[in-house]
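Data first, discussion second: the structure below is written as structure tokens.
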Protein chains: 2
Amino acid sequence: MKRREFLTWAGAAGIAATALSGCNSERDDAASSADAGAAPTPAEPIRWKMVTTWPKNFPGLGTGANNMARYITEMSNGRLTVDVYGAGEIVPALEVFDAVKAGTAQMGHGAAYYWQGKMPAAAFFAAFPFGLTADEMNGWLYHGEGIELWEELYAPHGVIPRPGGNTGPQMGGWFRKPIESLDDFKGLKMRLPGIGGEVLRQLGVTVVNTPGGELFQALNDGTIDAAEWVGPFNDLAFGFHRAAKYYYAPGWQEPSATMEALINQDAFEALPEDLQRIVEGAIRMANADMLAEFTARNNRALKTLVEDHGVELRYFSDEIMAALFETSNEVLAGITADDPFAARVYDSLSAYRRDVRQWTESSELEFVKARQRYLG
Amino acid sequence: MKRREFLTWAGAAGIAATALSGCNSERDDAASSADAGAAPTPAEPIRWKMVTTWPKNFPGLGTGANNMARYITEMSNGRLTVDVYGAGEIVPALEVFDAVKAGTAQMGHGAAYYWQGKMPAAAFFAAFPFGLTADEMNGWLYHGEGIELWEELYAPHGVIPRPGGNTGPQMGGWFRKPIESLDDFKGLKMRLPGIGGEVLRQLGVTVVNTPGGELFQALNDGTIDAAEWVGPFNDLAFGFHRAAKYYYAPGWQEPSATMEALINQDAFEALPEDLQRIVEGAIRMANADMLAEFTARNNRALKTLVEDHGVELRYFSDEIMAALFETSNEVLAGITADDPFAARVYDSLSAYRRDVRQWTESSELEFVKARQRYLG
């Protein structure tokens, strides 16, 4: 009973991790003792490290990781304390996955597309071009096949993934010159990670992977011509408006971006069951809270950018959007042809998108269009 | 430090509740002992009751309340166990607020517009016509003035409110005959609660407040001509398609609906601090999870209704939507003219909507329209 409840908690997802962990018997023992009312309390407080891909305390992303850690510490009354480290403090940003795998840190926070070099399928758990809105993505993750597939992908590494935040819709990027036709992409040097970057490469862009911390400088001194980071709230903090004037929407490449919480599986399994539930609960809370924060703050930041800093908000033309869509499909076909697991994940996402978008289009889209019409 | 963290947790919201509780000194004492590492553990397991406005285990709404209770029980390792009761088991649906106020139950789960008879402002914490999407609403609640105002409204009753789920966009209702012009509303007998019901009354509808459990029968035997409940996932479970054929979108009256978790303030204050954090955490988790579940399930249900049960999905005409918008503004002006607190809440919501919708329209709306265009 207790055990069945655990599986429900994690969604169908729990099954894969448990089966692959080889720890079924221990888990059952823990559950029995909890049933008998004897809380398995650790003798001493446990101290965990969380390494992140973000600059320490970076607004929204880094502070989201901080919140997650604080929720764990407070709900466990300090029995499990999590200390958060910024990129480079223990390991560089792009080594977060390996650090959690090795147990150097018990938790990590970042985004799954950072690991697409070693696992092409990973990118899909963050975002894909013309993919899903934040609400649709949470539906697939928690009430579709999402978390289950994600766990299966990381299980050979002894790492448990969870949705650890969502930025909501991202923007299409900052450009030093207007992008009025497909020709304007040719020869452009731009920072845009993930599958979207590959799409731009096909359209003649030289795509670079400048780390976040160096991005403003590169854009400002003309080392790069364009850069995509997140959206108004984060971009304002980085000061991109001082280096580029044109801010394009929509974020075709990331209609929402799921952040990632990573847990070292051995460390997780060693926790008493209530602390396991607290860790999972804190991650769920942080996942939801980040989206609420970005939603509330993005527009204020967009207003500041446009009204106080003279930024021009522009929209990609239909010609450009159509080409981005066609090229995205080609790139996605290439990725899934080369990697069977990526194909499984994309098949699941495509089937889900085919269904869920009908609901989005007949409900929220119709409403938001009507509200726009009447509020003017 | 610990105390400041608590305030951050609840948002600015915590301030009002603490100030009004008169329990500052006790709270500070508890915080100090927690700082010293001595967890305030209750001598015996605590058992709470949660009364709800839903039929027991009703899909999505009732099960969302069940999940919330289970999260508390599991994260606290049974130190705090919450038993959930369906409507009528301890108190009738519409007496949930009073039961939590009286301490008959320590928690409640429902929707704030059920209490608009005693507090007109309450309706705004669930939904208002042409209001906010679910993501926008969570932004206002957690990172705007939402929870703070909601706490202030309920504080005189010793009840703490929290967002306890969101159904996402609702539908415009089930009709036994097509609604093709404003004339078709005249003389219609319809169940539609909240502010939306008042709008329809202005347009000539006889609005009734049939309880959920009697709704199918009333629609089926022609006692009423139309009914609005939630959306496809919930409506399919109630079988409305067997009684009415026309299913209208969009849900102008509830572009999203926030459910409500209620906590008896004295019971909450008597908890040790870690259990307080667990209660709040579990409520946040349930709030996010309900939206993910409705998003994932609504379309599957809509498909079943249309393809298997011959339901006709229709959209209100522009003439009708424009009249609903105009009449909504008149009704909202009336409510806020009569009740100063409702005016404060509506002012806050209106200012927030003016800003946030620009972001929604330039990001998610542009994206969803483009995706619809290319996916066809």
*Any chance you could check the range B:163-177 for residues losing 30 Å² or more of accessible area when the partner protein chains are in, compared with the chain on its own (1.4 Å probe)?*
B:169
_Label geometry 7 Å along the beta-carbon vector: residue A:337 inter-copy distances in nm_ = 6.8
*Residue and distance (whole Å) for the chain B Cβ nearest the axis that superposes B on A*: B:288, 2
*Can you tell me the FRET efficiency between residue A:81 and residue B:237 if r is taken as the Cβ-Cβ distance and R0 is 56 Å, rounded to the nearest 0.05?*
0.80
*Sort out for me the Cα centre separation of the range A:239-279 from the range B:132-203, rounded to whole Å.*
32
*Span-like helices, chain B: DSSP H, alpha-carbon axial extent 15 Å or more, mean Kyte-Doolittle -0.5 or greater, which ones?*
B:62-75, B:273-303, B:318-338
*What nm distances, shortest first, do you get from the label point of residue A:117 to those in the other copies when the point sits 7 angstrom along Cα to Cβ?*
6.5
*When you look at the Cβ of every residue in A:318-330, what mean number of other chain Cβ atoms sits within 10 Å?*
2
_Kirkwood Rh in Å, taken over all unlike Cα pairs in the range A:315-376_ = 14.2
*asked:* I need the Debye-formula profile for the range A:160-287: one equal scatterer per C-alpha, no solvent, reported as log10 I(q)/I(0) at q = 0.21, 0.22 1/Å, two decimals.
replied: -1.15, -1.23
*Debye sum, Cα scatterers, chain B, no solvent: what log₁₀ I/I(0) at q = 0.12 1/Å?*
-0.92
_Rg(Cα) / (2.2 N^0.38 Å) computed for the protein assembly as shown, rounded to two decimals_ = 0.93
*Accessible surface, the protein assembly as shown, averaged per residue in Å² (probe 1.4 Å)*: 34
_Cut-off 13 Å, label 7 Å out along Cα→Cβ of residue B:330, residues of the range B:183-208 by amide N_ = B:198-205
_Straight-line reach only, C-alpha to C-alpha below 20 angstrom: list the lysines that residue B:177 could link to, leaving out same-chain residues fewer than 8 apart._
B:186, B:189, B:245
_Per-residue Cβ counts within 10 Å, from other chains only, averaged over B:132-144: what number is that?_
6
*Where the centroid of each part is defined by its Cα atoms, how far is the range B:322-376 from the range A:306-365 in Å?*
26
*asked:* Restricting things to Cα coordinates, could you compute the convex hull volume per residue of the range B:263-376 in Å³?
replied: 225
_Under 5 Å between amide hydrogens, which residues at least 5 positions from residue A:82 or on another chain qualify, with H placed 1.01 Å from N in the peptide plane?_
A:48, A:73
*Within straight-line cross-link reach of residue A:101, lysines at Cα separation under 30 Å, skipping those fewer than 8 residues along the same chain*: A:2, A:49, A:56, A:118
_In the range A:226-253, whose amide N lies under 12 Å from the spot 7 Å out along Cα-to-Cβ of residue A:177? List them in ranges._
A:226
*For the range A:247-320, what D do you get in µm² per second when you plug the Kirkwood radius from alpha-carbon pairs into Stokes-Einstein at 4 °C and 1.567 mPa s?*
82
*asked:* Could you tell me the calculated FRET efficiency between residue A:307 and residue B:266, based on Cβ-Cβ distance and R0 = 41 angstrom, to the nearest 0.05?
replied: 0.30
_To make sure I understand the rule: partners must be aspartates and glutamates, Cα under 13 Å from the Cα of residue A:303, and not fewer than 8 residues away in the same chain. Which ones qualify?_
A:235, A:312, B:355
*Enumerate the residues in the range A:78-120 having an amide nitrogen under 19 Å from the point lying 7 Å beyond the Cα of residue A:47 toward its Cβ.*
A:78-86, A:89-91, A:100, A:103-108
*In a shell of Cβ-Cβ distance under 11 Å around residue B:265, excluding residue B:265 itself, what net charge do Lys and Arg (+1) and Asp and Glu (-1) give?*
-2
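Once neighbouring chains are kept in place and the probe is 1.4 Å, which whole percent of the accessible area of the range B:60-126 is contributed by carbon and sulfur?
Working: 930 of 1850 Å².
Looking at the range B:60-126 in its full context, I get 51 percent from C and S.
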_Once the label point is set 7 Å along the Cα-to-beta-carbon vector, what list of distances in nm do you get between residue B:214 and its counterparts in the other copies?_
7.1
*Shielding of B:244-255 by partners, i.e. mean partner chain Cβ atoms within 10 Å per residue?*
3
*Total accessible area lost when A and B pair, probe 1.4 Å, Å² to nearest 100*: 7500
*What is the sum of charges around residue A:190, taking Lys and Arg as +1, Asp and Glu as -1, for the other residues whose C-beta is under 14 Å from the C-beta of residue A:190?*
+2
_Below 8 Å, C-alpha to C-alpha, sequence gap of six or more: please give me the relative contact order for chain B in percent._
21
*Hey, how many Å between the Cα centroid of the range B:50-66 and the Cα centroid of the range A:82-102?*
41
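The values are calculated or read from the model by the stated rules, or taken from the named source; none is laboratory data. What you see is a predicted model; the values in this text were computed from it and never measured. Note that each Cβ is placed from the backbone with ideal geometry, even for glycine, and that neighbours are counted across all protein chains shown. Note: areas computed on protein heavy atoms with side chains; ligands, DNA, RNA excluded. Shrake-Rupley method; radii C 1.70, N 1.55, O 1.52, S 1.80 Å.
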